[in-house]
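Step one of this worksheet: look at the structure below.
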Number of protein chains: 2
Amino acid sequence: MSSIRVALFGLGPIGIGVGKVALSRPNLEVVGAVDIAPQLVGRDLGRCLGSDRDLGIEVTADAHAMLTEARPEVVLHCTQSSVEKVAPQIRVIIQHGARVVSTCEELAFPWHGERPVVKELDGLAREKGVAVLGTGINPGYAMDTVPLMLSAAAQRVDHVSVWRVQDAGLRRLPLMLKVGVGITVEEFEIRRATIGHIGLPESLRLVADGLGWTLDGTERTLEPVIADAPAKFGDISVEPGRVLGVHENIRGFISDVERIVLDLRMYAGAPDPHDATEIKGVPDLRVRIDGLHGDVCTAAVAVNCVTAVLRARPGLVTMRDLPLVSAYTKDLER
Amino acid sequence: MSSIRVALFGLGPIGIGVGKVALSRPNLEVVGAVDIAPQLVGRDLGRCLGSDRDLGIEVTADAHAMLTEARPEVVLHCTQSSVEKVAPQIRVIIQHGARVVSTCEELAFPWHGERPVVKELDGLAREKGVAVLGTGINPGYAMDTVPLMLSAAAQRVDHVSVWRVQDAGLRRLPLMLKVGVGITVEEFEIRRATIGHIGLPESLRLVADGLGWTLDGTERTLEPVIADAPAKFGDISVEPGRVLGVHENIRGFISDVERIVLDLRMYAGAPDPHDATEIKGVPDLRVRIDGLHGDVCTAAVAVNCVTAVLRARPGLVTMRDLPLVSAYTKDLER
C-alpha cells in the first residue's frame, strides 16, 4: 500500500483548485508544480495554494527539470483548451513516463477531427505505457459520462437529450467574461467565434462513441441570453438589452434523424441550475443532478480520476476507458 | 470488427429477459443456452424466448457440452442468489475460458464475509484469464454504482444516503411473493429470514469499497409495510392489516459515526417510485433517477456489461473494475 505521487502542471484558477483537492487527499502526495507565470515561479507551492505553511515544493517554469527530479506518477495538467496548444506540454510529460489527467477540453474526446498531433501523442503514450486523459465536469462528466452511465440501464436507446443549466453569476470572473456577461449584442456577434463553452462537440462525440453510434451530421447553435432588467453580478453590472451569457445547443444525426441533443445554458441569473438527461428507448429513463458547480466539480473530477488513470490502458483515453471513477481516498495496493 | 459470442445460463424470468435483450443486439451473437428445467431442455431457444421462429439453438442441461461446442466468450448467468449455490456453475464456465456476467446478487460484492469458495473462484478466474462479474439493477447499479458515479464530482464525501422506492405491484409474481405481498404480519415474522431483497449488504460494501472506506460497524432493519385499505395487485388481493411489502435499511459506520445509509422500499402501491442519492460533502450533491424498473433494467445492465467485461482484468470483479458501462451496440475492434 502506498500513496500516489502527483504533480501540478498549470496554476491558473482551475489548477489551483485541483491542487487544493490533491493536497487534501491522504492517498496522494503532491511532489512538484510547473507554471510559467513570473509571479509564481520560485514561490513555494503551499503559499500559491493559499496555505499559511510551506510545502517545500518550489514552483518551476522548467517542466523537464520538475519531471526529472520529482518523478510524479500522474500529472494534473490544467493550462489551455486546445490540443494543438497543449501538445508540447503533454509530450514532455509522456516522455518522462508519467500519466496525464488534463482539463484541456479538446482532450475529452481528442479523436474528433483529423489532427496529426493527436495520433502522434497517442502513439507516444502507448510506447511509453501511460494513459493520457482529458476530463473535468464539462466536458468529461455532466454532459457525456452521466448520459452514458444512465444508458447502462437501457435495453434500447433511441434518443438522448442532455441539459445543463449553470448560473454564470455564481462563477469566477474569467468564466463570466468567457460567456459575455455585460457585453452588447453587437459585441457578442463580433466575438462569437471565441465566446461560450468549449467542449460541446467533444461531449457529443463521447456520447455517440459510448453508444456505438456513427453520427453523419451535426448542427450547432450559439445565442446570447439577453437581460430584460438591470442586474449586478459580482463586479459586473448588466443593463437591460445587454448579454447575460450563452445558450448553446448541439445536435447529432444519423441518416437525418436526430439522435442526440446537448443543450447548455450558462448565463448570469439562470434559474434552477441543474443537470438532466432523458433517454427515450426501452425503458424511458431520466436523471437529474443538483450541485454540479463548474469549478468546484472540475477540480473534484480531475483528482478523482488519478487512481482510475493508473489502471487505464496506455494511450490517449476518454472517460469511457476508465474503471468506475469515484472519490477514492485510500492508498493503492500494488 | 466482430460480434461477441454469448451464451445464456439459466432461463428463469431474469434469464429470459436477458436473452431477449442479447438477441436484439447487433453486436452480440447468442450461441448457446443452458437450463435444467425439464420443460425447457431440448426445446429451441427462440421459442423459449417467445419468438415465433427457431434459432437453431437447443437448450441443454449439460453446461460442459454447451461450453465445449458453442465456445461462448461471455456467459450471461442468471440462476440463484447465493455464491455457494452458483459456485459449481461458475466454476465450469471459468474452466472453459469464458467470462461471466452473473445476476447472482452475492457476486455483486463477493468479498463480503469469509467464503473459501470466493477465493477459489477468484484464483481460478485469474489463472484462466477471465473476468467474473456480479451485476444487475440492484445490487449492481441503482444503490452502489450510481452513488459512486456521483461521488466522482465530489471533492470530499462525508456521508452518502441512497433511497430506492419500487412499486412491487408492478412487478412479476415471484417478486411480489418475495416481498410478502398479501401475507399476514405473523407470517412475515415467521418468514423474516427469507423475505425481502437480497443484495443490500453487497451494495453497502461496494459503496464503501469505492470510497476507500473501511466500515467497522453495520446495522440493518427489515420491516413489513402494512395495508391500511383493501387493494388488488395482479392476482393478489390485500386486506387491510396485511403486508404490502418491505422497508429495508442498512447503515455503515466508521468509529461509531454513520457514513452510509441505504434505504429500500419495495411494496405494492408504493407512491413515486424512483432512485435517489444524496452526498453530504464538498459540494453537496443530489441525483434522482426515474425509470429504473427492476426486471427490465437488470436485463439491460447485464447485457450492457458484456463488452465491458471483455476489457476487465481477470478474476472476480465488481462494477468498480469495469470501464464505463453504456448501451454499446457496435461490433468490437479487436
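Dividing the summed helix terms, -39500 (n - 2.57) for each DSSP H run of n ≥ 4, by the number of residues in chain A produces a 222 nm estimate of -8500 deg cm²/dmol to the nearest 500. Around the Cα centre of the stretch B:145-291, unit charges on the Cβ atoms of Lys, Arg, Asp and Glu (plus for the first two, minus for the last two) sum to a dipole of about 320 debye. The Cα trace of chain A gives Rg and Dmax of 20.2, 60 Å, the first to one decimal, the second as a whole number.
Remark: for residue pairs A:Lys85/A:Lys119; A:Lys128/B:Lys128; A:Lys330/B:Lys330; A:Lys119/B:Lys128, the C-alpha separation exceeds 26 Å in A:Lys128/B:Lys128; A:Lys330/B:Lys330; A:Lys119/B:Lys128. Each residue of the stretch B:118-130 was assigned a 3J(HN,Hα) from its phi angle through the Karplus curve 6.51 cos²θ - 1.76 cosθ + 1.60 (θ = phi - 60°); the sequence is 5, 4, 5, 5, 4, x, 5, 5, 5, 4, 8, x, 10 Hz, with glycine and proline shown as x.
Please list the three semi-axes, largest first and in whole Å, of the ellipsoid equivalent to the stretch B:66-199, using sqrt of 5 times the eigenvalues of its alpha carbon gyration tensor. Computed over the stretch B:66-199, the values are 30, 22, 15 Å. Across the stretch A:179-185, coupling constants 3J(HN,Hα) worked out from phi with the 6.51/-1.76/1.60 Karplus curve, θ = phi - 60°, read 9, x, 4, x, 7, 7, 5 Hz, and Gly and Pro carry x. Applied to the stretch A:53-65, the Karplus parametrisation 6.51 cos²θ - 1.76 cosθ + 1.60 on θ = phi - 60° returns per-residue 3J(HN,Hα) values of 10, 6, 9, x, 10, 8, 5, 10, 8, 9, 4, 4, 5 Hz, with x for Gly and Pro. With the charge dipole of chain A set up from +1 on Lys and Arg Cβ and -1 on Asp and Glu Cβ about the Cα centre, the Cα lying farthest toward the positive end among the listed residues A:Val118, A:Leu264, A:Asn138 is that of A:Val118.
When only Cα pairs below 8 angstrom with a gap of at least 6 residues are kept, chain B shows a relative contact order of 22 percent.
Taking Cα centre as origin and charging only the Cβ of basic (Lys, Arg, +1) and acidic (Asp, Glu, -1) residues, the dipole magnitude of chain B rounds to 740 debye.
Residue by residue along B:297-305, Cβ atoms of other protein chains within 10 Å of the local Cβ number 4 on average. What the pair-distance distribution of the protein assembly as shown shows, using all Cα-Cα distances binned every 10 Å from zero, is 3, 15, 24, 26, 18, 9, 4, 1 percent. Its residue count N fixes a reference of 2.2 N^0.38 Å for the stretch A:145-292, and the Cα radius of gyration divided by that reference is 1.14. Computed over the stretch B:65-167, relative contact order equals 24 percent, with contacts defined as Cα pairs under 8 Å that lie 6+ residues apart. Centre-to-centre, using Cα atoms only, the stretch B:267-329 and the stretch A:177-227 are separated by 30 Å. Distance distribution P(r), the stretch B:13-119, all Cα-Cα pairs, bin width 5 angstrom from 0: 2, 12, 22, 24, 19, 12, 5, 3, 1, 0 percent.
For the stretch A:82-128, applying the loop criterion from DSSP together with a ceiling of 14 other beta carbons within 10 Å to the trypsin sites (Lys or Arg not before Pro) yields no site.
Shortest first, B:Glu127 label-point distances to identical copies amount to 4.1 nm, with the label point at 7 Å from Cα along Cα→Cβ.
Backbone amide hydrogens, once placed in the peptide plane, bring B:Thr79 within less than 5 Å of B:Thr103, B:Cys104, excluding anything fewer than 5 places away on its chain.
Annotation for A:Asp235, label-to-label distances across the other copies: 7.4 nm (shortest first, one decimal, point 7 Å from Cα along Cα→Cβ). Between the amide H of A:Ile4 and those of A:Leu28, A:Glu29, distances stay under 5 Å, these residues lying 5 or more places away or on another chain, with hydrogens modeled in the peptide plane. Note: the stretch A:149-226, Cα convex hull, 128 Å³ per residue. The mean number of partner chain beta-carbon atoms within 10 angstrom of a residue's beta-carbon across peptide B:139-149 is 3. Taking the Cα centre of the protein assembly as shown as origin and assigning +1 to Lys and Arg Cβ atoms and -1 to Asp and Glu Cβ atoms, the resulting dipole is close to 1000 debye. Annotation: Cα Rg of the stretch B:276-317 relative to the compact-globule expectation 2.2 N^0.38 Å equals 1.66. Bridges between two residues of the protein assembly as shown, per DSSP, are antiparallel at a rate of about 60%.
Listed by Cβ neighbour count within 10 Å, with the fewest neighbours leading, A:Met143, A:Met176 appear as A:Met176, A:Met143.
Using C-alpha pairs under 8 Å with a sequence gap of at least 6, the mean separation divided by the residue count of the stretch B:145-291 gives a relative contact order of 38 percent.
For A:His159, the label point sits 7 Å beyond Cα toward Cβ; its separations from the matching points on the remaining copies run 4.1 nm, from shortest to longest. Global dimensions of the stretch B:2-72 from alpha-carbon coordinates: Rg and Dmax equal 11.0, 35 Å. Rounded to the nearest 5, the antiparallel percentage of DSSP beta bridges internal to chain B is 55%.
Annotation: amide H-H contacts under 5 Å for B:Ala131 (H modelled 1.01 Å from N, sequence separation of 5 or more, or interchain): B:Val100, B:Gly315.
The numbers here are math on the coordinates, done by the rules we state, and not lab data. On a predicted model such as this, the values are computed, not experimentally measured, just so you know. Counting neighbours? That spans all protein chains shown, and the Cβs are built from the backbone with ideal geometry, glycine included.
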